[in-house]
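So the structure is just underneath, and the comments pick up after that.
The values are calculated or read from the model by the stated rules, or taken from the named source; none is laboratory data. Remember, it's a predicted structure, so these values are computed and weren't measured experimentally. We place every Cβ from the backbone using ideal geometry, glycine too, and count neighbours over all the protein chains shown.
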Amino acid sequence: MRSTAPSAAPDASTHLVSDENLTRRALLVARLVLAAIFLLAGISKVQAPSEFAETVRAFHLMPDPLAAPFALILPWVEILAALYLIVGFLGRLAAAATAAMLLMFIVALLDALITGHTAHPCGCFGSTTNPVITALAGGDTVGWWDVIRDVILLALALGVAWLGSGALSIDEWVANRRARAAGE
């Protein structure tokens with residue numbers, strides 16, 4: 001005969017473990033989304049540095065002589081941050097770097113929208129003919145979608161910077177190894 005007695009309710013530790021796993025997985029997704037976008041953006045800009053420099057100049061936020069060096073350096077910082085995020089090594093630092101870049105991008109986009117200098121692409125993904133990337137980039141002019149996209153990415157970056165790299169990361173592997181060593 002089957003028992004019809006209700007099964008025991010899961011204890012609080014079961015919920016804690018599942019919540020922790022969910023957080024670890026969410027951080028993994030956030031980390032990989034940021035990494036993919038920054039890697040794609042950086043590679044796109046590295047392939048056409050002079051075009052990216054012209055886009056930087058179109059924002060009118062820095063002296064012209066600084067636009068070219070900025071356009072040469074920024075894509076490599078984006079690629080480096082993306083690579084660190086992919087493997088989850090120094091993930092908090094890499095996420096903080098992406099958050100700082102996103103804040104800079106948001107300020108530039110808001111300035112363009114406020115001053116009306118919107119007749120140029122945001123330059124977020126360099127110059128590309130890929131229609132999917134063009135749609136993600138917001139098209140050929142600066143618009144509110146660019147700001148909204150960057151605010152969403154900023155939220156992801158701040159989450160990883162605050163909570164850590166999450167699952168499948170070198171950071172987690174190192175932390176688990178240290179915890180095992182401390183327990184021995």
- Are there any pairs with C-beta distances below 6 angstrom linking a residue in region 23-44 that is under 14 Å from GLY164 (Cβ atoms) to a residue that is assigned to a helix (DSSP H, G or I) and among the small types (Gly, Ala, Ser), with the two at least 6 apart or on different chains, and if so which? ALA30/GLY159; LEU34/ALA157
- Here is a list of conditions, (1) part of a helix (DSSP H, G or I); (2) modelled with pLDDT under 90; (3) of a type outside the set (Ser, Thr, Tyr); (4) surrounded by 14 or more Cβ atoms within 10 Å (Cβ to Cβ), and ALA135 meets all of them except one; can you say which number that is? (4)
- Query: Among LEU103, LEU109, LEU113, which is farther than 21 Å from PRO49 by Cα and either modelled with pLDDT under 75 or over 13 Å from the mean Cα position of the chain (by Cα) (or both)?
  - Reply: LEU113
- Given VAL142, VAL174, VAL160, which one is more than 16 Å from ALA81 (Cα to Cα) and either modelled with pLDDT of 90 or more or acidic (Asp, Glu) (or both)? VAL174
